[in-house]
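The values are calculated or read from the model by the stated rules, or taken from the named source; none is laboratory data. All figures in this text were calculated on a predicted structure; none of them were measured in a lab. All Cβ positions, even for glycine, are placed from backbone atoms using ideal geometry, and neighbour counts span all protein chains on display. The accessibility values were calculated without ligands, DNA or RNA, using every heavy atom of the protein model including side chains. Shrake-Rupley method; radii C 1.70, N 1.55, O 1.52, S 1.80 Å.
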Amino acid sequence: MAYQSLRLEYLQIPPVSRAYTTACVLTTAAVQLELITPFQLYFNPELIFKHFQNRISLCPRLLNHRSHRIYRYCRMLEEGSFRGRTADFVFMFLFGGFLMTLFGLFVSLVFLGQAFTIMLVYVWSRRNPYVRMNFFGLLNFQAPFLPWVLMGFSLLLGNSIIVDLLGIAVGHIYFFLEDVFPNQPGGIRILKTPSILKAIFDTPDEDPNYNPLPEERPGGFAWGCKFPVVGCPAVRLHCVLSSVTSHQFGQPYSHHA
C-alpha cells in the first residue's frame, strides 16, 4: 500500500520536474554509493570542450536543505506559469543551463547545481510577486525578496555568494527577456521555443472545428435526424433516408418534444 501511494505521488509530479528531480536523486545516490565520484561531475571547461567529457554539473547534491527547494519551486513553476507549456519549460532549462555554462567559464565555480536552483526560485518569485513568505518564522517578506534572503542566509553561513549571484543573474535575464521586454513599447519576443521542442513535449490542441466522419460517430443515434429515432421501423427508416438524401451528416442530433 505504501509503495502504491508513493508511486502515485511520484507519477503526479509534472514530467520535467519529475525527470530533473529524479536525475538529481540518482546522481546523489551514485556518489554516496561510490559508483561515481564528484571529480567526474564537477565543472571543468578543459575536460568538457577539449576532451569531450560529459559532466552533470547542473545536478546539485541533494542530501541537504536544497532538495526540498528544487522539488518545490520546480514543480510550482511547471504547474503554475508553465502549465500546459512543457516545451517552454524545457527551453527555460536549456537557456538557463547554456548561460550558466557560459558564465561558468569566467568564474571559479565547481558545481552549478545550486545556481540553477536559485534561477528557478528567482523566476518563480518574480512571477508571484504578492505571495507572502516566512523564513524560519523570523522574517516575513514578499516572494520577490526570496532569492536575496537565501543569498543573505548563505553569507551568514560563510558560503560564497557567487553561486547565488549567478543564479539570480541568469534568472533575471530569462525573466526580463520573457516577461518584461516583450511588453515594453517596441519590445519583441527574443526567446522563442523551437518548433522541435513543441512537437516533442506539447500535446497538440484539439481542433474545435473538427467534424468526425460518420463511421467515427458513436452508435445508437441517427446523426442528422431532426427528431428522435424511436417508435416504429417506418419512422426510423424515414429518418435515416432523410439524413442521407439531404446530406445532413454534419448536424448534431437534437431532441424535439
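The figures follow:
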{"read-out": "Test: residue in the range 135-145 that is within 22 Å of Ser81 (Cα to Cα) and buried (at least 22 other Cβ atoms within 10 Å of the Cβ)", "value": "no"}
{"read-out": "Which numbered condition Trp148 misses (of (1) open to solvent by 30 Å² or more (accessible area, probe 1.4 Å); (2) part of a loop (DSSP other than H, G, I, E, B))", "value": "(2)"}
{"read-out": "Residue in the range 5-54 that is farthest from Leu112 (Cα to Cα), counting only those that are among the aromatic types (Phe, Trp, Tyr) and at pLDDT 85 or above", "value": "Tyr10"}
{"read-out": "Leading residue by the ranking (farthest from the chain's Cα centre (by Cα)) among those in the range 108-145 that are of a type in the set (S, T, N, Q) and assigned to a loop (DSSP other than H, G, I, E, B)", "value": "Ser108"}
{"read-out": "Residue in the range 85-105 that is without any contact (Cβ under 8 Å) to a residue 60 or more places away in the chain, over 27 Å from Thr193 (Cβ atoms) and in a helix (DSSP H, G or I) present", "value": "no"}
{"read-out": "Any hit, the range 112-122, residues being surrounded by 10 or more Cβ atoms within 10 Å (Cβ to Cβ), modelled with pLDDT of 85 or more and farther than 26 Å from Cys24 by Cβ", "value": "no"}
